[in-house]
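A short write-up of the structure that comes next.
The values are calculated or read from the model by the stated rules, or taken from the named source; none is laboratory data. Keep in mind it's a predicted model, so treat the numbers as computed, not measured. Here the Cβ positions follow ideal geometry from the backbone for every residue, glycine too, while neighbour counts run over all protein chains shown. Just the protein is used for accessible areas: all its heavy atoms, side chains included, with ligands, DNA and RNA removed. Shrake-Rupley method; radii C 1.70, N 1.55, O 1.52, S 1.80 Å.
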Amino acid sequence: MKMLLVTLATLWSVLGQECGCTSDEVCCKDESGYECCIVQSTMCVPASYPYTSRCCPKWTVGCTGGSVGCCDPAQTWQRLLEPYTAATAGHPRAAAPASLPADGAMRAYALVVAGFTPGLTSYEIALNGTVTRKTPVSGPVAAWYRGFYGESTRLFAWDAARYQFYFADSNGTDPGAPVVFYTLDAVSGGSTATVLKGTSGYPVGFAYHPETNEFFFSVARGAAFEYYAVEVVSRLLRTVGGLERGPGEAGAAFYAGYMTETTAAGGMVRVGFLGYALGFNGSGVGVAAVAAGGALQATWHAAAAPPEAYWLWTAARETGTDDFFSLAPSAAGTHSFAVLNWTLAAGAPQPRVVGSFTNAHPPGTALGPLGYVASDVLSGTFASIVLQKNELSDSWAVAVYDAATGAVRESALSPPIALAKGDAVSGFGLAAHEGTSLKTVNRRL
């Protein structure tokens, strides 16, 4: 095994040098040219019409749809939308209220990649858009991110009780290296890294389960996924089980490891499509959960978007329930995001539009949408960090929906976060706020 790993490392070095890439890059080329893929975060996907060979994030799959042909089975991040229409969105919009019930009780935390000065920064944001704290990330997570060279990450999981982000990764240049569990304190910017002995491979999906204080993640191993759970305080690791992927995309288990949320009972959830080989095939929600006999079982709940919207782009669950809220582009107008509510309590979800924003969009390029939007829900308040499209320049904003009143409000961040090419969101979450400052001693440690 050791000789095999050395051989693979040597192969990466040779492939990188072939195109003039560095030692931590691999050459990705076809007859049209080449590009250098960062080994830590990306992989080379062969050409497939209409795309040339390309560097896709390791947590995605090569596909034949979207702005760049790299699909994330956990949630949408680059799906193309139809051209804008002159019609307004299909859901009525109430006047934005000056205040919402949660304004004084909550703060949002956004983790952002800054393109001008590569690094991760944590922002504390009032729900009216006022940025109240800016903290650079330090420690092991900062060191880990240097291997991304300013590229965007996937979305990290959020723990509202501890004001922390969680994620898992492995050493991209060493296929046999164990998975590392990272924590990031949104208030201080400090971070930790815990090597999870007995694991190996690349974690393709992860999510946090607040009911048990466990961080779930899955590793793809050949034709199967292996699932694990880490208790976030003790860092104790347990094996949840294995799941055979099956012969192809038509099966519920094929992408089941690409999770983005959990159910109240500890099931692992993805929102997106059943298949991606021929575009975006079969919208729905996938769940991998331990069945009555103790074995993992994957279920695909086929579901259609309501007429007013596209399919779900995000998923956030109210703790203690199976009540979910999501963003989805409106079907008409400028495709500004709508808020959808759905549940898994009765099986297949039936999302319904409950609110609509005027100017809330995913980030993107001239090719179309490209980049994550992140959402969270806490005590009936659903919020997201989104992009507002303006005549002169785009800007980040906080979009908020109050489930009790149906009120919606979107507020540009003030002072604004400098938006550069490459800026992206790595995480977002809501947490309780006491008075004018956080009483960190009251956080659950």
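Nearest 10 degrees is fine. How inclined is helix 2-18 to the longest principal axis of the chain, computing both from alpha carbons? The two axes meet at around 70 degrees. Name the residues whose placed amide hydrogens come within less than 5 Å of the amide hydrogen of SER426, ignoring near sequence neighbours (fewer than 5 apart) on the same chain. The answer is LEU111, VAL112, VAL113.
Once the other residues with Cβ under 13 Å from the Cβ of ALA289 are scored (Lys, Arg +1; Asp, Glu -1), what is the net sum?
-1
Taken about its Cα centre, the chain carries a charge dipole of about 500 debye when Lys and Arg each add +1 at the Cβ and Asp and Glu each add -1 at the Cβ.
Report D for segment 184-283 in µm² per second (integer): Stokes-Einstein, Kirkwood Rh on Cα pairs, 25 °C, 0.890 mPa s.
For these conditions, the coefficient is 166 µm²/s.
Solvent-accessible area of segment 241-306 (1.4 angstrom probe, protein heavy atoms only): carbon and sulfur portion equals 59 percent.
The computed Cα extents along the principal axes in Å for the structure shown corresponds, within [x] 64, 51, 49; [y] 79, 69, 46; [z] 133, 62, 34, to [x]. In this structure the amide hydrogen of GLY333, modeled in the peptide plane, comes within under 5 Å of the amide hydrogens of THR85, ALA87, none closer than 5 places in sequence on its chain. Please give the calculated 222 nm ellipticity per residue for the chain, where each DSSP H segment of at least 4 residues contributes -39500 (n - 2.57) and the sum is spread over every residue; nearest 500 deg cm²/dmol? -1500 deg cm²/dmol, from helical runs alone.
Each Cα pair of segment 325-367 feeds into the Kirkwood radius, which the Stokes-Einstein equation turns, at 37 °C and 0.692 mPa s, into a diffusion coefficient of 285 µm²/s. Here LYS29 is the anchor, and the aspartates and glutamates within straight C-alpha reach of less than 13 Å, apart from those fewer than 8 places off in the same chain, are GLU18.
Computed about the Cα centre, the dipole magnitude for segment 229-325 is approximately 300 debye when only Lys and Arg (+1) and Asp and Glu (-1) carry charge, each at its Cβ.
Farthest toward the positive end of the dipole of the chain, out of GLY251, VAL195, GLY176, is the Cα of VAL195, where the dipole comes from beta carbon charges about the Cα centre.
Straight-line cross-link partners of LYS58 among the aspartates and glutamates, defined as a Cα under 12 Å from its Cα and at least 8 positions apart when in the same chain: ASP72, ASP169. Computed from phi, the 3J(HN,Hα) profile of segment 396-404 under the Karplus parametrisation 6.51, -1.76, 1.60 (θ = phi - 60°) reads 6, 8, 9, 10, 10, 10, 9, 5, 6 Hz, with x in place of Gly and Pro. Binning the C-alpha pair distances of segment 287-411 at 10 Å intervals from 0 yields a P(r) profile of 13, 41, 30, 13, 3, 0 %, listed from the shortest bin outward. The packing ranking, built from the mean of other Cβ atoms within 10 Å per residue, places the peptides 349-360, 220-231 in the order 349-360, 220-231, highest first. Per-residue Karplus couplings for segment 243-253, computed as 6.51 cos²θ - 1.76 cosθ + 1.60 with θ equal to phi - 60°, are listed in order as 9, 5, 6, x, x, x, 5, 5, x, 5, 8 Hz, Gly and Pro entered as x.
Projecting the Cα atoms of GLY429, ASN341, ALA114 onto the charge dipole of the chain (Cβ charges, centred on the Cα centre) puts GLY429 farthest toward the positive pole.
Label-to-label distance, THR212 versus ALA142, with points set 7 angstrom from Cα along the beta-carbon direction: 3.5 nm.
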